[in-house]
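Before any comments, here is the structure.
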Amino acid sequence: MQELSLLTSDNFPLAVKIFKPQNSNGQLMLINSATGVKQQVYFSFAKFFAEHGFTVITYDYRGIGESKPADMKNFTATMRLWGTDDFATLTNYIKTNYADYRKFCLGHSVGALIIGMNADSVIFEKFIFIATQDAYFGNLKFTVAATALLGFGVALPLTTRLLGYFPAHSFGLGESLPAGVAYDWQTLILHTKSTARLYEKIDNEVSKTLTQETFFIHAEDDAWVTEKGMARLRKNVYPNLNYTYHEIKVSESEKEEIGHINFFRSFNKKLWTIVLEEIQRKKP
């Protein structure tokens with residue numbers, strides 16, 4: 001594993017890891033993480049693909065994991081910066097260093113949403129969307145929607161104003177988040193336009209120009225992703241992508257546990273062939 005620090009356009013250092021295969025197949029996968037999820041969660045998955053000849057790149061967005069500042073209070077970061085600057089820093093690096101490779105991008109949760117914020121997303125041959133949707137609470141089941149309303153409508157603004165960042169870990173929502181990221185997350189949950197509202201804030205229409213094949217994976221036991229939310233994402237955010245859809249049943253998991261994050265846990269390694277086979281599948 002190679003470790004890098006890449007500077008964004010505003011000179012913020014991003015922690016990057018590159019998993020290189022012993023025998024390259026000339027293909028590359030970039031992994032865009034979920035909100036508040038450190039890149040280490042994807043290491044076993046990345047190693048699996050490296051063992052199959054892929055070069056795999058993981059990274060932490062600003063404010064997350066190894067790209068976190070010493071003091072989170074009032075640190076400037078947003079999901080929009082993750083897409084327009086952090087993700088773009090990685091695509092610039094890939095264009096320079098892996099120009100001749102076949103390129104794939106895996107977006108986990110918000111990692112799929114920020115793909116539509118970067119014009120360089122056109123360099124990827126195919127997208128893999130895992131556990132993602134238009135996250136408006138109205139798309140969620142009643143009990144989850146009620147939890148979302150309480151958490152994002154009350155707990156998030158109160159704690160973020162008090163601390164200068166959102167202590168997401170205290171609510172079982174991953175890493176603590178910069179305030180700007182937290183408020184963008186609130187927009188995704190509470191605003192009826194959800195993802196499209198974030199795009200409006202950056203005057204961005206990239207998502208509607210993307211036409212790649214997209215493999216859309218959803219776990220049966222993921223309470224935070226619904227058919228309605230996924231349909232809204234396809235219709236309102238990425239209307240021109242060419243979708244293939246796959247639902248993973250709980251019974252396919254060794255521990256019968258997938259949810260929103262656990263697809264990437266090593267105990268679900270046998271599920272990773274679903275992605276591998278899709279990438280290797282030849283077009284008809």
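Overview of results
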read-out	value
Ranking by accessible area, most exposed first, for Thr244, Thr211 with a 1.4 Å probe	Thr211, Thr244
Gaussian network model of the chain, Cα within-10 Å springs - most flexible of Glu213, Glu247, Glu205	Glu247
Hz values of 3J(HN,Hα) by residue in the stretch 214-229 - Karplus curve (6.51, -1.76, 1.60), Gly and Pro given as x	9, 9, 9, 10, 9, 8, 4, 9, 8, 5, 8, 10, 10, 4, 5, x
For Asp10, solvent-accessible area (1.4 Å; no DNA, RNA or ligand), Å²	80
Euclidean distance of C-alpha centroids, the stretch 4-77 and the stretch 200-257, integer Å	22
Accessible-area composition of the chain, carbon plus sulfur, in percent [1.4 Å probe]	51
By accessible area with a 1.4 Å probe, ligands and nucleic acids excluded, highest first: order of Glu66, Glu125	Glu66, Glu125
Listed residue pairs exceeding 31 Å between alpha carbons, taken from Lys20/Lys270; Lys201/Lys269; Lys193/Lys269; Lys68/Lys95; Lys73/Lys95	Lys201/Lys269; Lys193/Lys269; Lys73/Lys95
Percent RCO, i.e. relative contact order, over the stretch 4-104, from Cα pairs under 8 Å lying at least 6 residues apart	34
Net lengthening on full extension, Arg197/Asp71 (0.36 nm per residue, minus Cα-Cα)	42.5 nm
Residue-wise HN-Hα coupling along the stretch 26-35, computed from phi with Karplus coefficients 6.51, -1.76, 1.60 (Hz; x: Gly, Pro)	x, 10, 10, 10, 9, 10, 8, 6, 6, 4
Prolate/oblate/rounded label for the stretch 52-162 (Cα gyration tensor, a/c 1.5)	oblate
Charge dipole magnitude, Cβ of K and R +1, D and E -1 - the chain, Cα centre, debye nearest 20	240
The chain: relative contact order as a whole-number percent, Cα under 8 Å and 6+ apart	18
Segment Ala146-Ser9, length gained on full extension (0.36 nm per residue, minus Cα span)	45.4 nm
Extended-chain gain in nm, criterion 0.36 nm per residue less alpha-carbon gap, Asn242 and Val154	27.9 nm
Three-way shape call for the stretch 229-271 based on the alpha-carbon gyration tensor, with the a/c threshold at 1.5	prolate
Solvent exposure of the chain as accessible area per residue, Å², 1.4 Å probe	42
Cα-based shape type of the chain, given that a ≥ b ≥ c are square roots of the gyration tensor eigenvalues and the cut on a/c is 1.5	rounded
The stretch 99-215 - percent relative contact order, Cα under 8 Å, separation 6 or more	31
In sequence order, calculated HN-Hα J values of the stretch 173-178 (Karplus, 6.51, -1.76, 1.60; Hz; x Gly/Pro)	10, x, 4, 4, 10, x
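The values are calculated or read from the model by the stated rules, or taken from the named source; none is laboratory data. Keep in mind the model is a prediction, meaning the values are calculated, not measured. As a convention, Cβ positions derive from the backbone with ideal geometry for all residues, glycine included, and neighbour counts pool all protein chains shown. Protein only, heavy atoms only, side chains kept; ligands, DNA and RNA dropped before computing areas. Shrake-Rupley method; radii C 1.70, N 1.55, O 1.52, S 1.80 Å.
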